[in-house]
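The values are calculated or read from the model by the stated rules, or taken from the named source; none is laboratory data. Predicted model, so just to flag it, every value in this text is computed and none were measured. For neighbour counting, all protein chains shown are included, and Cβ atoms are generated from backbone atoms with ideal geometry for every residue, glycine included. Accessible surface areas use protein heavy atoms only, side chains included; no ligands, DNA or RNA. Shrake-Rupley method; radii C 1.70, N 1.55, O 1.52, S 1.80 Å.
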Amino acid sequence: MTYKTISGDTWDLIAYKILGSEVYMEELLNANQEYKDFIVFPANINLTVPEITVPTVSTLPPWRR
């Protein structure tokens, strides 16, 4: 998957918009090393969005899952 930047985007904002949490900013940055020096993006840069596996947390006991 790819994401085309909008002027003013930042790494944490993109991670939040695309992946649901700014926690994934490091994974996004690692997948786009050629843009590592950008803090605030200009428009129309295509970034690769890495596949993120989100662990599921269940509060149900094992026999009810």
inquiry  = If I ignore ligands, DNA and RNA and count only protein heavy atoms, how much of T59 is accessible to a 1.4 Å probe, in Å² to the nearest 10?
reply    = 140
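Only loop residues by DSSP count here, and only those with at most 12 other Cβ atoms within 10 Å; note down the trypsin sites (Lys or Arg not before Pro) in the stretch 1-50 that meet that. Walk me through the numbers before you get to the answer.
Working: sites: K4, K17, K36; in loops: K36.
Taking the stretch 1-50 and a limit of 12 other Cβ atoms within 10 Å, the loop trypsin sites (Lys or Arg not before Pro) found are K36.
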inquiry  = Ignoring ligands, DNA and RNA, please state the percent of accessible area on the chain from carbon and sulfur, probe 1.4 Å.
reply    = 55
query = Can you list residues whose amide H is under 5 Å from V49's amide H, if they're 5+ apart or on another chain and H is modeled 1.01 Å from N?
reply = T2, Y3
task = Please report, in Å, the Rg and the Dmax of the chain, where both are computed over Cα atoms only.
result = 15.1, 51
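Rank these residues by their accessible area, most exposed first, probe 1.4 Å: I14, I39. Before the final figure, lay out the partial values.
Numbers: I14 0, I39 130 Å².
Ranked from most to least accessible, the order is I39, I14.
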ask   = Taking only protein heavy atoms and a 1.4 Å probe, what accessible area per residue, in Å², does the stretch 1-49 have with all protein chains in place?
value = 64
ask   = In nm, to one decimal, how far is the A43 label point from the Y16 one, both placed 7 Å along Cα→Cβ?
value = 2.2
key: the stretch 37-42 - phi-based ³J(HN,Hα) in whole Hz, Karplus 6.51/-1.76/1.60, Gly and Pro as x   = 7, 7, 9, 10, 7, x
